[in-house]
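The values are calculated or read from the model by the stated rules, or taken from the named source; none is laboratory data. All figures in this text were calculated on a predicted structure; none of them were measured in a lab. Cβ placement follows ideal geometry from the backbone for every residue including glycine, while neighbour counts extend to all protein chains displayed.
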Amino acid sequence: MKAEILKVLKENKGYLSGQQLCESLGVSRTAVWKAMGQLKEEGYQIEAVRNRGYRLVETADVMTTAELRTMLCTKWMGAGLEYFDETDSTNIQARRLAENGAPHGTLVVADCQTAGKGRRGRSWVSPHGTGIWMSMVLRPAFSPAHASMLTLVAGMAVVKGIRMATGLEPMIKWPNDAVLRGRKICGILTEMSTEDDCIRYVVTGIGINVNTESFPPEIASTATSLKLEMGENVKRSPIIAAVAEAFEEYYEIFTKTCDMSGLKEEYDQVLANRDCQVCVLDPKGEYRGRALGIDSEGSLLVEREDGHIVSVISGEVSVRGIYGYV
Ligand code: BTN
């Protein structure tokens with residue numbers, strides 16, 4: 001009921017009388033009044049004016065199942081939607097749900113993570129009200145060897161989603177991060193469960209710094225948030241919906257070939273370190289070169305100083321800028 005009332009309020013910019021709401025939804029006045037109370041508690045500003053009715057004042061950064069539902073314009077991504085005010089980690093939750101049979105496209109979102117996970121065993125600080133912490137359950141039919149490229153697909157979705165929802169123009173720092181003006185705005189963590197060389201499920205988790213105002217000293221010089229870049233509070237639900245929509249679109253292109261051939265050109269256009277000098281931190285020995293773009297397997301092509309072109313495989317090495325993080 002709450003979700004339906006919210007949808008009707010959003011579709012109507014003016015006032016809607018209690019009578020109109022009751023008639024269009026086929027419910028009692030008491031039911032409408034109760035749902036209005038619940039929506040107000042969730043943070044929506046609803047004006048109620050005698051003889052005119054109700055009007056939604058769109059200001060707050062509300063993140064609830066109902067809000068996300070009204071925003072999502074997808075076919076399968078988010079058809080199963082699990083929202084938590086607080087959870088340990090959306091990746092852990094998504095894995096639990098997947099183990100219990102959650103279908104492909106299940107989307108898990110939380111306002112706060114108490115045990116957010118970063119890459120390489122690091123933690124990911126995820127307080128209330130500051131960021132987007134979301135994970136997607138995927139059940140692809142391809143072999144495990146292709147799964148790491150889903151991180152690249154997710155990176156493209158983040159960049160497009162943020163651009164569509166805010167107008168900002170983030171770029172990708174190959175392979176896992178999205179950056180704005182050379183600082184990290186998003187990290188992606190893909191985890192997989194396999195059996196007999198088949199994928200049981202993949203969980204791709206995305207963390208975006210949205211309204212973060214300050215960062216711990218160890219990342220203060222390399223991280224930023226949408227709020228710090230825009231100078232104002234940013235609503236999270238429209239970004240989640242835009243990222244989910246873009247992911248669905250890119251995933252469908254990816255699964256046609258099970259590689260990056262259909263996405264490579266667009267990926268290279270948003271690659272932050274394209275044509276830049278990079279340092280490849282290979283455990284067998286560091287080297288420098290110029291980043292050219294990705295190949296169809298999602299590896300980064302780097303032209304070494306001797307003109308030799310090497311393909312750098314994600315997961316084995318990391319890549320840094322010569323003068324900074326990107
Ligand atoms: C990185 O180290 O850059 C990857 C960070 C990934 C963080 C996201 S937040 C949502 C999802 N849940 C987690 O516990 N981690 C990922």
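Every test in (1) away from the ligand (no atom under 16 Å from the Cβ); (2) surrounded by fewer than 18 Cβ atoms within 10 Å (Cβ to Cβ) is passed by residue 235 save one, and that test is (2). The residues on offer are 62, 32, and the sole one that is outside any strand (DSSP E or B) and in contact (Cβ under 8 Å) with a residue 40 or more places away in the chain is 62. Evaluating residue 83 against the criteria (1) within 13 Å of the ligand (Cβ to nearest atom); (2) assigned to a strand (DSSP E or B) leaves one unmet condition, (1).
Please enumerate the residues belonging to the stretch 87-110 that are within 16 Å of the chain's Cα centre (by Cα), within 12 Å of the ligand (Cβ to nearest atom) and in a loop (DSSP other than H, G, I, E, B). Residue satisfying the conditions is 89 alone.
Of the listed requirements (1) over 27 Å from residue 121 (Cβ atoms); (2) in contact with a helix residue (DSSP H, G or I) (Cβ under 7 Å, 6 or more places away or on another chain); (3) not β-branched (Val, Ile, Thr), residue 191 misses just one: (1). Of the listed requirements (1) within 14 Å of the ligand (Cβ to nearest atom); (2) under 12 Å from the mean Cα position of the chain (by Cα); (3) crowded, with 24+ Cβ neighbours inside 10 Å, residue 203 misses just one: (2). I need the full set of residues from the stretch 94-113 which are on the phi > 0 side of the Ramachandran plot and surrounded by fewer than 16 Cβ atoms within 10 Å (Cβ to Cβ), in order please. Matches in the stretch 94-113: 101 only.
A quick yes/no check of all residues on (1) modelled with pLDDT of 95 or more; (2) crowded, with 17+ Cβ neighbours inside 10 Å; (3) closer than 15 Å to residue 148 by Cα:
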{"position": "269", "(1), (2), (3)": "yes, no, no"}
{"position": "274", "(1), (2), (3)": "no, yes, no"}
{"position": "277", "(1), (2), (3)": "no, no, no"}
{"position": "281", "(1), (2), (3)": "no, no, no"}
{"position": "284", "(1), (2), (3)": "no, no, no"}
{"position": "298", "(1), (2), (3)": "yes, yes, yes"}
{"position": "305", "(1), (2), (3)": "no, no, no"}
{"position": "316", "(1), (2), (3)": "no, no, yes"}
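Would you pick out the residues in the stretch 233-290 that are in contact (Cβ under 8 Å) with a residue 24 or more places away in the chain, more than 18 Å from residue 163 (Cα to Cα) and among the small types (Gly, Ala, Ser)? The one that is in contact (Cβ under 8 Å) with a residue 24 or more places away in the chain, more than 18 Å from residue 163 (Cα to Cα) and among the small types (Gly, Ala, Ser): 261.
Taking each residue of the stretch 108-122 that is among the charged types (D, E, K, R) and looking for partners that are more than 8 Å from the ligand (Cβ to nearest atom) and in a loop (DSSP other than H, G, I, E, B) with beta-carbon atoms closer than 8 Å, six or more apart or interchain, yields 111/63; 111/85; 111/86; 111/128; 111/129.
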